[in-house]
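Structure first, then comments.
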Amino acid sequence: MLTAVVLFLIATPVAAQEPAPAPDRPLPDAAQEARAQALFDDIRCVVCQHEAIADSPAGIAADMRGLVREQIAAGRSDKQVRDDLVRRYGDFVLFTPPLRGGTWLLWFGPLAALGAAGAGLWFASRRRPTGTEPLSAAEEADLARILADQAVRPDPDAKPSDH
């Protein structure tokens, strides 16, 4: 009985995995397939997010490759294919999103952050260090007394070889 339970627990994660996508079917026209392959490199997998659909093993990437091939076979231009994917998944699906109001942060955010950090460092370096006032005569006397007490006080952990 224990063996059956252990085997069930081992097999459960395997059964819960996503099934492998169907193999890709290239377009019969070599020029159309070349266009599709070029588009695959410009389109981000919405599951993996750091991979193009050309490299992604995810099932949704295989579906997206099929969709791109269908649209190219139907005679749509590359721009129309990209526009349809943006309509479905948003600007994030493109590795190079278009420059418009909603994507300004994507394009110029890193540059603005770098500029703000540089300005902060420049202002911090321009700040004048604050000077310290010299000690008064009473403070000098207190300091001398403290230092003299410490020099005379023996260290309880000291060994004869430390003197």
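Computed with the Debye formula from one identical point scatterer per Cα of region 28-163, without solvent, the log10 of I(q)/I(0) at q = 0.10, 0.17, 0.18 Å⁻¹ comes to -0.57, -0.96, -1.00. Computed from Cα atoms, the angle from the helix 2-16 axis to the main principal axis of the chain rounds to 70 degrees.
Annotation: peptides 47-57, 93-103, ranked by per-residue average of other Cβ atoms within 10 Å with the highest first, follow the order 47-57, 93-103. Which of rounded, prolate, oblate describes region 45-94, given a ≥ b ≥ c as roots of the alpha-carbon gyration tensor eigenvalues and a/c under 1.5 marking rounded, otherwise prolate only if a/b is larger than b/c? Verdict is oblate for region 45-94.
Rule-based calculations on the coordinates, nothing more; no lab input. Just so it is clear, the model here is predicted, and its values are computed rather than measured. Counting neighbours? That spans all protein chains shown, and the Cβs are built from the backbone with ideal geometry, glycine included.
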